[in-house]
Amino acid sequence: MPTIRFVREGRDVKCRPGENLRQVALREGLELYGLKGNLGNCGGCGQCITCFVAVIDGSDPQALSPLTDVEKNKLQRRPKNWRLACQTLVNSSVIVLTKPQVPPGNARALINAAKEAELPK
Ligand code: FES
C-alpha cells in the first residue's frame, strides 16, 4: 500500500493504490484547504483551484497519476511540482506539502526531515 507523507502535518498515511489524494487527506482530517478553500470549494471537481499540494523532490515521478487536462490548464502559472489534490491519484509512496501557497516558516527543515526518513514503498 502506498504511503503519503504529509510534510506540514508530520503524518504518514497509508492509502489504496489509485486512491484520490484529496479524498485521503479529507478522510484523515487533514487541513487541505486555505481560507478561500474553506469558505467554498468545488468538492473535488477541479474548478476552484484551492486544493494545491506540492510534490516534494525526490518522490518517484510515477508515484502520482499524470497531470489531467484540468491541471494543465489551471496550473500553468504555478510551480511545476504543484498538483490539484482532487485531480491526483496515488500510485505509490510520495511526499507532499499541503497548502504550498502558504508554506510554514520552517518549511525547509520540515521538508529535509521528511526526505531523510525512509518512505515505505
Ligand atoms: S477541490 Fe476544487 S479544484 Fe480541487
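All of the numbers you see were taken from the coordinates with simple rules; none came from a lab. The shown structure was predicted, so the numbers you read here are calculated from the model rather than taken from an experiment. In this analysis, Cβ positions are derived from the backbone assuming ideal geometry, glycine residues included, and neighbour counts consider all displayed protein chains.
In the range 3-116, the C-alpha radius of gyration followed by the widest Cα-Cα span (Dmax) gives 12.9, 36 angstrom. Near Gln87: Cβ cut-off under 11 Å, other residues only, Lys/Arg at +1 and Asp/Glu at -1. The net charge is +2. Proximity of backbone amide H atoms, modeled 1.01 Å from N, is registered between Arg11 and Phe6 at under 5 Å, excluding neighbours fewer than 5 places apart on the same chain. Residues whose amide H lies under 5 Å from that of Thr88, counting only those 5 or more places away or on a different chain, are Leu21, Arg22; hydrogens are built 1.01 Å from N in the peptide plane. With θ taken as phi - 60° and the Karplus curve 6.51 cos²θ - 1.76 cosθ + 1.60 applied, the whole-hertz 3J(HN,Hα) list for the range 11-27 is 10, 9, 10, 7, 8, 7, x, x, 6, 6, 4, 4, 5, 5, 4, 5, 4 Hz, x standing for glycine and proline. Length gained on full extension, Val102 to Val13: 29.8 nm, using 0.36 nm per residue less the C-alpha separation. What relative contact order, as a whole-number percentage, does the chain give when Cα pairs under 8 Å and 6 or more residues apart are counted? So the answer I get is 38 percent. Considering only Cys45, Pro61, Thr3, the residue lying farthest towards the positive end of the dipole of the range 3-116 is Cys45, judged by Cα position with unit charges set on Cβ. Net length available on complete extension from Ala113 to Arg77 is 10.1 nm, with 0.36 nm assigned per residue and the Cα-Cα distance removed. Unpaired cysteine residues in the chain (no second Cys Cβ under 4.7 Å): Cys15, Cys51, Cys86.
Calculated mean residue ellipticity at 222 nm for the chain: -6000 deg cm²/dmol, from DSSP H runs with n ≥ 4 weighted as -39500 (n - 2.57), summed, divided by the residue count and rounded to 500.
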